[in-house]
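Data block below; observations after.
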Amino acid sequence: MLGLLEARDGRSAQSSFLSVGLGYLVAYGEKFFGPGSIWVARTVQDLVSRHPRAAGISACSPFIGTARDMALKIKEALGIPIILGGPHISALPGELPSWADVGVIGEGEATMVELLHALAPGGCSLPRIQGIVYRENGVIQVNPSRAPLDPLDQIPPPRRDQLLHGSPLWEEANLLTSRGAPLRTAWTPSWVGESFRRHTPDYVAREIRELIREFHPRFIGFQDELFAADRVRLRALVEILEREEICRDVTFGCVARPDLINREVCGLFLKMNLRTVLLLFFSGSDRVLKRTGKGLSLRQNQRALDLCYESGIIADGMFILFSPEEGAEDIRETLDFRNQNREKLRIAEFVPAIPYPGTAFWDKALGSGLVSAKDTDWKLLDSSADEYVCVNSTIPLEELSALSEELERL
């Protein structure tokens, strides 16, 4: 019925796997249409050979060109509708590409089910479906947004078997235990809802059991930065994992905001055999952190790192550099924070402030003429590329180049 593809370039460390988001779409769709009705294709050729009723392509902004190439090949071979989903169209719904018939805005599970009903004979019309963009008589129509699914447990665990590229096992696996972004920052896309929803401890424990039974990973990482935000839930999850002795079978890791780390949380991490944490420091400059207006501080960053170190939890850190108003002194302070904590910080990841559509960085770049919704070279929004759009307007170009070279040597 529906074949899914993800537009990507294969250069990332996880290039052998697809986004877990596609697995959620398959699992949720099968609740309504049965096994085999929705599936993930490995390639365009794979999708075409199975003759689906429609094709869904998920794409973030840097790879929207790849999505276009996929869509054109599918159109030429099958002439079926193309449904575009993912961060790019969610942030820019008014810019539905000519090669896409429908765009899905935001979370796609419930919207996809309604779209598939609409494609069936006698199905409902597109104007009645919330959370989509489409064309009517050549004019782009953006429908009202869709409320996020709540409670979150109604979405089955993702069909990870659909995401493997020929490998029977995963050495590492990732989980998402919550959705929503109550702490909105300059890098939070506007289409991500503020409503914080989380899976129950029983749901998370069940997904972990299934992962271990089916794929035998040695490491499982919790990818949502608010994994530790609800301590009542965390305590309940640890109790289940300890009682069922699941902690013996796998090592865990997580992503966390520094302000969520305290002694109790570190103790709970150790009880569940969670041994690594990626701390989202964002900056080592108090000025930059305070400008976010979200209560972030250098003191919180240092305390979180100290607590992890004292607890024997391995800490990595992520920093966002070259934001619009960041000065050279701010970046020096970030480098100093890293250097002063070499013993406590295993890896420091420096990420440029990329103006992804829908973020405050995008708005800044748009106002400066650095980007446009219609003619941007989207490949320049790839943080791993040699060249990218830099939104910083404070640091002189020569000094900016020198700082970039220094970072590359670290």
- request: Considering only the range 281-317, state which residues are of a type in the set (Asp, Glu) and either in a helix (DSSP H, G or I) or more than 24 Å from the chain's Cα centre (by Cα) (or both).
  value: Asp286, Asp306, Glu310
- request: Please work out which residue is farthest from Met1 (Cα to Cα), limiting yourself to the range 89-126 and to residues that are acidic (Asp, Glu) and part of a loop (DSSP other than H, G, I, E, B).
  value: Glu107
Search result, residues across the range 376-398 that are more than 24 Å from Ser98 (Cα to Cα), hydrophobic (A, V, I, L, M, F, W, C) and either surrounded by fewer than 17 Cβ atoms within 10 Å (Cβ to Cβ) or in contact (Cβ under 8 Å) with a residue 40 or more places away in the chain (or both): Ala385, Cys390, Val391, Ile395, Leu397
- line: Within the range 210-265, restricting to residues that are in contact with a Ser or Thr (Cβ under 7 Å, 6 or more places away or on another chain) and under 22 Å from Gln300 (Cα atoms), the one that is surrounded by the most Cβ atoms within 10 Å (Cβ to Cβ) is Phe227
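Listed here are the residues, each with its yes/no results for (1) without any contact (Cβ under 8 Å) to a residue 12 or more places away in the chain; (2) surrounded by fewer than 21 Cβ atoms within 10 Å (Cβ to Cβ); (3) not acidic (Asp, Glu).
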{"site": "Glu76", "(1), (2), (3)": "yes, yes, no"}
{"site": "Gly86", "(1), (2), (3)": "no, no, yes"}
{"site": "Gly94", "(1), (2), (3)": "no, yes, yes"}
{"site": "Pro97", "(1), (2), (3)": "no, yes, yes"}
{"site": "Val104", "(1), (2), (3)": "no, no, yes"}
{"site": "Glu107", "(1), (2), (3)": "no, no, no"}
{"site": "Cys124", "(1), (2), (3)": "yes, yes, yes"}
statement: From the option list Ile331, Ile320, single residue qualifying as in contact (Cβ under 8 Å) with a residue 60 or more places away in the chain, in a strand (DSSP E or B) and either small (Gly, Ala, Ser) or surrounded by 18 or more Cβ atoms within 10 Å (Cβ to Cβ) (or both) is Ile320
- request: Just need a number here: residues in the range 350-372 that are of a type in the set (D, E, K, R) and touching a residue at least 24 places away in the same chain (Cβ under 8 Å).
  value: 1
- request: State whether the residues of the range 298-314 include one that is closer than 21 Å to Gln223 by Cβ, modelled with pLDDT under 95, buried (at least 17 other Cβ atoms within 10 Å of the Cβ) and assigned by TED's automatic domain parsing to the domain that holds Pro182.
  value: no
task: Could you grab me the full set of residues in the range 353-375 that are of a type outside the set (A, V, I, L, M), surrounded by fewer than 19 Cβ atoms within 10 Å (Cβ to Cβ) and modelled with pLDDT of 90 or more?
output: Asp363, Gly367, Ser368, Gly369, Ser372, Lys374
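The values are calculated or read from the model by the stated rules, or taken from the named source; none is laboratory data. Everything numeric here is computed off the predicted structure, so don't read it as measured data. Cβ sites come from the backbone with ideal geometry, for glycine too, and all protein chains shown count toward neighbours.
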